[in-house]
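Chemist: Sharing a structure with you now.
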Amino acid sequence: MDFSWIIPYRELLLNGALLTCMLLVISVVLGFAIAIFLAIAQVGNNPVLRVAAKSYCTFFRGTPLLIQLWLIYYGLGSYLPYIPGLKGSFLWPLMREGLFFAAVALTLNFAAYQGEILRGTLLAVPKGELEAALAVGMRPSMVLRRIWLPRAIRIGLPTFAGEVILQLKATPIVFSVTVMDLYGAAYKIRQDTLLVYEPLILVAAFYVALTFLITQVFQRLENAVPARR
Amino acid sequence: MRLEARPALVVKDVHKSYGTLKVLKGISLEAAKGDVVSIIGSSGSGKSTFLRCINFLEIPDQGSFHINGEDVEFRTGRDGKSHPSNPRQIERLRSGLGMVFQSFNLWPHMTILQNVIEAPVHVLKVERKAAIEKAEALLAKVGLYEKRESYPAFLSGGQQQRASIARALCVDPAVMLFDEPTSALDPELVGEVLKVIRSLAEEGRTMIMVTHEMKFARDVSTRVMFLHQGQVEEVGPPSQVFGAPTSARCKEFIAAGSH
Ligand SMILES: Nc1ncnc2c1ncn2[C@@H]1O[C@H](COP(=O)(O)OP(=O)(O)OP(=O)(O)O)[C@@H](O)[C@H]1O
Ligand SMILES: [Mg+2]
């Protein structure tokens with residue numbers, strides 16, 4: 001086993017790891033925020049919003065992430081210059097990067113899965129708890145904010161942990177649009193050094209460590225409200 | 001002064017159907033301050049539905065409501081039925097009616113104390129410190145001061161129901177509504193909850209209570225209402241309804257319950 005390349009490639013590796021973490025955090029946080037709207041739209045009583053949210057979730061859950069990424073990178077990417085005002089804006093340099101499209105694709109995809117899960121857990125909150133909230137005089141928006149959503153999120157926590165781990169393992173796909181994430185770094189090292197296994201082993205260890213960390217974070221969140229088992 | 005003279009609650013001619021099933025066929029109820037009205041009747045007679053119409057968890061098809069000094073405004077909707085026309089008014093009225101459910105319905109993601117201060121702080125906008133003070137006093141009163149930092153899942157059924165009574169009390173309700181508060185409890189836990197409810201009755205709180213506890217209803221009620229198939233079959237002081245009912249059905253129901 002030869003790990004002597006770690007030192008010369010440390011910057012590439014570190015930047016790759018940082019990028020992987022960044023993509024994970026951005027797509028999970030923004031994706032979750034979008035998922036809340038998708039879930040509420042699906043259980044709400046506005047038929048237009050319901051169908052729109054349902055279609056969104058079906059499309060993004062029903063197509064491979066790779067295809068979504070390429071559709072967004074090549075498709076959306078080639079239309080952006082024609083949107084008036086965008087080219088001069090401060091966002092423009094960002095929008096020419098593969099990283100931007102990778103983050104968008106990962107976020108939209110994650111939102112679809114979470115939106116579906118959250119829809120289910122919203123429906124799993126016992127009706128009586130919501131009635132109790134109405135009965136003390138809460139208006140529907142407050143019931144949603146104070147009782148319904150927090151309860152639904154807690155019911156979904158064990159599932160969310162698994163979803164975030166899956167999302168982590170989906171991130172290497174961004175290398176296909178030239179983003180140098182951790183996997184991209186390993187790829188480059190393999191090409192340069194002609195080592196087959198070592199770079200992959202290091203990267204695998206990193207993913208495992210991150211998975212462990214995610215598990216710990218969610219364990220903490222779950223323990224925040226003690227449950228009787 | 002103004003309110004003292006008027007009844008806390010006047011409900012007239014309430015109708016409610018689910019599809020073709022007529023569940024309530026014109027029920028009226030008047031409760032003066034300090035009244036304890038027990039609603040009894042066999043399963044499916046419409047007791048819960050009527051109680052839930054009072055705080056509009058069910059929207060009645062017809063009826064007039066005077067609650068806590070306000071007349072509820074209705075308008076006829078597109079479906080030809082009447083609906084409360086002002087959601088803000090319904091929310092305001094609800095916060096003046098404390099509801100206690102058969103299945104407690106505490107919010108499991110909050111501690112007992114958080115459950116109790118939720119409505120005062122977020123609905124009534126009471127200052128947090130004042131709300132906590134009051135909630136702790138109420139929890140002490142129902143014997144749960146020690147459990148205030150616990151989550152509902154760690155309490156027995158009887159404790160959960162007492163906590164939910166404290167939660168209902170913490171908004172200073174003009175009228176308390178109970179829907180079979182002891183029916184979900186193990187027999188040995190019924191007593192502790194009835195004791196709390198009895199103490200409320202003795203304080204002179206206005207209460208409407210659906211119950212299957214006949215002896216308790218007889219003890220604490222100022223009035224008893226017997227429902228049968230969505231109609232008031234018998235109503236009067238407990239001595240009359242339990243002792244000398246005029247309706248044959250009521251007589252039968254009470255005879256069946258007393259052994
Ligand atoms: N949401 C609903 N949809 C359809 N039917 C309903 C609904 N809620 C109640 N009902 C019906 O209305 C009737 C009265 O129900 P309600 O719950 O008021 O009876 P109850 O007197 O409280 O009975 P119990 O003693 O069993 O609690 C029953 O026949 C019930 O099946
Ligand atoms: Mg009932």
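The values are calculated or read from the model by the stated rules, or taken from the named source; none is laboratory data. What you are looking at is a predicted structure, and each value in this text was computed from that prediction instead of being measured. Using ideal geometry, Cβ is built from the backbone for each residue, glycine included, and neighbour counts are taken over all protein chains shown. Surface accessibility is based on the protein's heavy atoms, side chains included, excluding ligands, DNA and RNA. Shrake-Rupley method; radii C 1.70, N 1.55, O 1.52, S 1.80 Å.
Chemist: How would chain B be classified by its alpha-carbon gyration tensor: rounded, prolate or oblate, with rounded meaning a/c under 1.5 and the a/b versus b/c comparison settling the rest? Walk me through the numbers on the way to the answer.
Modeler: Values: a/c = 1.71, a/b = 1.20, b/c = 1.43.
Note, shape of chain B comes out oblate.
Chemist: Shifting gears a bit: Just checking the output field for B:165-178: average partner chain Cβ neighbours within 10 Å of each residue's Cβ?
Modeler: Numbers: counts 0, 0, 3, 3, 0, 1, 3, 0, 1, 0, 0, 0, 1, 0.
Per residue, the number of nearby Cβ atoms from other chains is 1 on average.
Chemist: Using mean Cβ contacts within 10 Å as the protection proxy, how do A:43-54, B:44-55, B:231-242, A:120-131 order, highest first? Can you show the working numbers first?
Modeler: Values: A:43-54: 13.3, B:44-55: 22.1, B:231-242: 17.8, A:120-131: 15.9.
So the peptides A:43-54, B:44-55, B:231-242, A:120-131, ranked by packing, come out B:44-55, B:231-242, A:120-131, A:43-54.
Chemist: What does the highest-first list of A:213-219, B:247-253, B:204-210, A:87-93 look like by mean Cβ count within 10 Å?
Modeler: Details: A:213-219: 14.0, B:247-253: 16.4, B:204-210: 22.4, A:87-93: 10.0.
Result, highest mean Cβ count within 10 Å first: B:204-210, B:247-253, A:213-219, A:87-93.
Chemist: Here is a follow-up. What average count of beta carbons from other chains do you get within 10 Å of the Cβ of residues in B:104-113?
Modeler: Details: counts 3, 9, 3, 9, 8, 11, 5, 2, 0, 0.
Neighbouring Cβ atoms belonging to other protein chains average 5 per residue here.
Chemist: Give me the percent of accessible area attributable to carbon and sulfur for the protein assembly as shown, probe 1.4 angstrom. Display every interim value, and only then the final one.
Modeler: Values: 14150 of 23750 Å².
Whole-percent figure for carbon plus sulfur exposure: 60.
Chemist: Based on the Cα gyration tensor of the protein assembly as shown, what are the three equivalent ellipsoid semi-axes, each the root of five times an eigenvalue, rounded to whole Å and given largest first? Spell out each step's value before the answer.
Modeler: Numbers: eigenvalues 703, 130, 71 Å².
Square roots of five times the eigenvalues give 59, 25, 19 Å.
Chemist: Using only the alpha carbons of region B:106-172, what is the convex hull's orientation-averaged projected area in square nanometres?
Modeler: Values: hull surface 15.1 nm².
So the Cα hull casts an average projection of 3.8 nm².
Chemist: Roughly how much accessible area, to the nearest 100 Å², goes out of reach of solvent when B and A pair up, both sides summed, probe 1.4 Å?
Modeler: Working: alone 12450 and 13460 Å², together 23750 Å².
Buried area between the two chains comes out at roughly 2200 Å².
Chemist: Remind me, relative contact order of region A:35-153 in percent, using alpha carbon pairs under 8 angstrom and six or more residues apart? Before the final figure, lay out the partial values.
Modeler: Details: 98 pairs, mean separation 40.5, N = 119.
For region A:35-153, the relative contact order is 34 percent.
Chemist: What does the charge dipole of chain B about its Cα centre add up to, to the nearest 20 debye, if the Cβ of each Lys and Arg holds +1 and the Cβ of each Asp and Glu holds -1? Let's see the in-between values first.
Modeler: Details: 32 positive and 30 negative charges, 87 e Å.
For this selection, approximately 420 debye.
Chemist: Averaged across the residues of A:145-153, what count of C-beta atoms belonging to other chains lies within 10 Å of each residue's C-beta? Numbers along the way, then the final one.
Modeler: Details: counts 1, 7, 4, 0, 0, 3, 4, 0, 1.
Other-chain Cβ atoms within 10 Å of each residue's Cβ, averaged: 2.
Chemist: Take each uninterrupted DSSP H stretch in chain A, measure its Cα extent along the helix axis, and return the ones at 27 Å or beyond whose mean Kyte-Doolittle hydropathy is at least 0.5. Before the final figure, lay out the partial values.
Modeler: Details: long enough: A:10-43 (48 Å, 2.08); A:98-124 (39 Å, 1.18); A:149-170 (28 Å, 0.75); A:198-224 (40 Å, 1.11).
Length and hydropathy pass: A:10-43, A:98-124, A:149-170, A:198-224.
Chemist: Let me ask you something else. Could you tell me whether region B:105-259 comes out rounded, prolate or oblate from its Cα gyration tensor? Rule is a ≥ b ≥ c as square roots of the eigenvalues, rounded for a/c under 1.5, then prolate if a/b exceeds b/c, otherwise oblate.
Modeler: Working: a/c = 2.65, a/b = 2.04, b/c = 1.30.
It comes out prolate by the Cα gyration axes.
Chemist: Farthest toward the dipole's positive end in the protein assembly as shown, which of B:Y151, B:S85, A:I72, given Cβ charges of +1 (Lys, Arg) and -1 (Asp, Glu) about the Cα centre?
Modeler: After comparing all options, I get B:S85.
Chemist: Given the peptides A:136-148, B:81-93, arrange them by the average over their residues of other C-beta atoms within 10 Å, most packed first. Present the calculation step by step, with values, prior to reporting the outcome.
Modeler: Details: A:136-148: 18.2, B:81-93: 15.8.
Highest-to-lowest ranking by the protection proxy: A:136-148, B:81-93.
Chemist: With +1 on the Cβ of every Lys and Arg and -1 on the Cβ of every Asp and Glu, and nothing else charged, how large is the dipole of region B:106-172 about its Cα centre, in debye rounded to the nearest 20?
Modeler: Values: 9 positive and 7 negative charges, 11 e Å.
Here the size comes out at about 60 debye.
Chemist: So what is the accessible area of the protein assembly as shown per residue, in Å², with the probe set to 1.4 Å?
Modeler: Ligands and nucleic acids excluded, the figure is 49 Å² per residue.
Chemist: Of A:A35, B:T76, B:F253, which is farthest towards the positive pole of the protein assembly as shown's charge dipole, taken about the Cα centre with +1 and -1 on the beta-carbons of Lys, Arg and Asp, Glu respectively?
Modeler: It is B:T76, whose Cα lies furthest towards the positive end.
Chemist: How large is ³J(HN,Hα), in whole Hz, for each residue of region B:50-60 in order, when computed from phi with the Karplus curve 6.51 cos²θ - 1.76 cosθ + 1.60 and θ = phi - 60°, using x for Gly and Pro?
Modeler: 5, 4, 6, 6, 5, 10, 6, 5, 10, 8, x
Chemist: With unit charges on the beta carbons (Lys and Arg positive, Asp and Glu negative) and the dipole taken about the Cα centre of region A:97-229, which residue among A:A152, A:P172, A:L210 sits farthest to the positive side?
Modeler: A:A152
Chemist: If you take the square roots of the eigenvalues of the alpha-carbon gyration tensor of region A:4-224 and sort them as a ≥ b ≥ c, do you get rounded (a/c under 1.5), prolate (a/b over b/c) or oblate? Don't jump to the answer; show the numbers that get you there.
Modeler: Working: a/c = 2.71, a/b = 1.57, b/c = 1.72.
It is oblate, given that a/c is not under 1.5 and a/b is not larger than b/c.
Chemist: Whole number please: convex hull volume per residue, Cα atoms of region A:161-220, in Å³. Write out the running numbers ahead of the final one.
Modeler: Values: hull volume 4.2 nm³, N = 60.
Given the Cα convex hull of region A:161-220, per-residue volume reads 70 Å³.
Chemist: Moving on. Which trypsin sites (Lys or Arg not before Pro) does region B:109-188 hold that lie in a coil by DSSP with at most 11 other beta carbons within 10 Å?
Modeler: B:K125
Chemist: Under 15 Å from the Cα of B:K141, which aspartates and glutamates turn up, not counting those fewer than eight places away in the same chain?
Modeler: Within reach: B:E133, B:D172, B:E192, B:E202, B:E203.
Chemist: From the backbone phi of region B:162-177, what are the Karplus-calculated ³J(HN,Hα) couplings (6.51 cos²θ - 1.76 cosθ + 1.60, θ = phi - 60°) in whole Hz, Gly and Pro given as x?
Modeler: So the Karplus estimates, Gly and Pro as x, are 5, 5, 5, 5, 4, 4, 5, 6, 5, 9, 6, x, 6, 9, 9, 10 Hz.
Chemist: On average over all directions, what projected area in square nanometres does region A:49-127 have, based on the convex hull of its Cα atoms? Could you put the intermediate results ahead of the total?
Modeler: Working: hull surface 27.1 nm².
Convex hull of Cα atoms, orientation-averaged projection: 6.8 nm².
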